[in-house]
Amino acid sequence: MKDLAIELENRPGALARMGEALGRAGVSIEGGGAWVVGGKGVAHFLFEDGAAARSALEEAGIRVLADREVVALRLKQAVPGQLGLLGRRMAEAGVNIEVQYSDHQNRLILVVDDLGRGRRVAEEWTRE
């Protein structure tokens, strides 16, 4: 799975244009979100085929800022404080969480600065 960081214009129709480009290419979004920061549109979306998504977006003139592998795991939804506990474990391992969202399978998706360490923390978390 790949997270693509996507630059979007801060105007009506920008998200629609992105979705249409992906749709024409037969590329599905697996999770993510979009927002405006400092007057600029930014999106992070998850794709099964990151290369196909990047290609479709770039062909439509939409700038992809980065594409990165992700850490995906499930939290214990009935237990309050899970994000804080996992976040603390990541921090103690020296892993910075740069992006966090959920996918369509209700998994927590993390883009981190150290993928190997982040995945090790997630694997330990999942075994508990």
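Values quoted throughout were computed directly from the atomic coordinates according to the rules given, and no laboratory measurement underlies them. Owing to the predicted nature of the structure, the values given are computational and were not obtained by experimental measurement. Note: ideal-geometry Cβ built from the backbone for every residue, glycine included; neighbour counts use all protein chains shown.
Computed over the chain with a Gaussian network model linking Cα atoms closer than 10 Å, the most mobile of 52, 43, 78 is 78.
The length gained by stretching the chain between residue 63 and residue 79 to full extension, at 0.36 nm per residue less their Cα-Cα distance, is 1.9 nm. Which residues among segment 47-73 fall inside the zone where the amide N is under 16 Å from a point 7 Å beyond the Cα of residue 123, along Cα→Cβ? Those under the cut-off are 70-73.
Taking square-rooted eigenvalues a ≥ b ≥ c of the alpha carbon gyration tensor, is segment 8-74 rounded, prolate or oblate, where a/c under 1.5 means rounded and, failing that, a/b exceeding b/c means prolate? Walk me through the intermediate numbers first.
Details: a/c = 1.77, a/b = 1.17, b/c = 1.52.
Oblate is the answer for segment 8-74, as a/c is 1.5 or above yet b/c matches or exceeds a/b.
Once each of the trypsin sites (Lys or Arg not before Pro) sitting in a DSSP loop with at most 14 other beta-carbon atoms within 10 Å is removed, the chain keeps 1-62 as its longest stretch.
Between the amide H of residue 41 and those of 8, 10, distances stay under 5 Å, these residues lying 5 or more places away or on another chain, with hydrogens modeled in the peptide plane. Here the chain is treated with +1 on each Lys and Arg Cβ and -1 on each Asp and Glu Cβ, and its dipole about the Cα centre works out to around 300 debye.
Of the residues 41, 15, 78, the one whose Cα sits farthest towards the positive end of the charge dipole of the chain is 78 (charges of +1 on Lys and Arg Cβ, -1 on Asp and Glu Cβ, taken about the Cα centre). 3J(HN,Hα) along segment 68-74, derived from phi through the Karplus expression 6.51 cos²θ - 1.76 cosθ + 1.60 where θ = phi - 60°, amounts to 9, 5, 10, 9, 10, 7, 9 Hz, with x in place of Gly and Pro.
At a Förster distance of 25 Å, what's the computed FRET efficiency of residue 104 paired with residue 51, Cβ-Cβ distance as r, to 0.05? The pair residue 104/residue 51 has a calculated efficiency of 0.80. Within segment 45-108, the GluC sites (Glu not before Pro) that combine a DSSP coil assignment with at most 14 other C-beta atoms in a 10 angstrom radius are 48.
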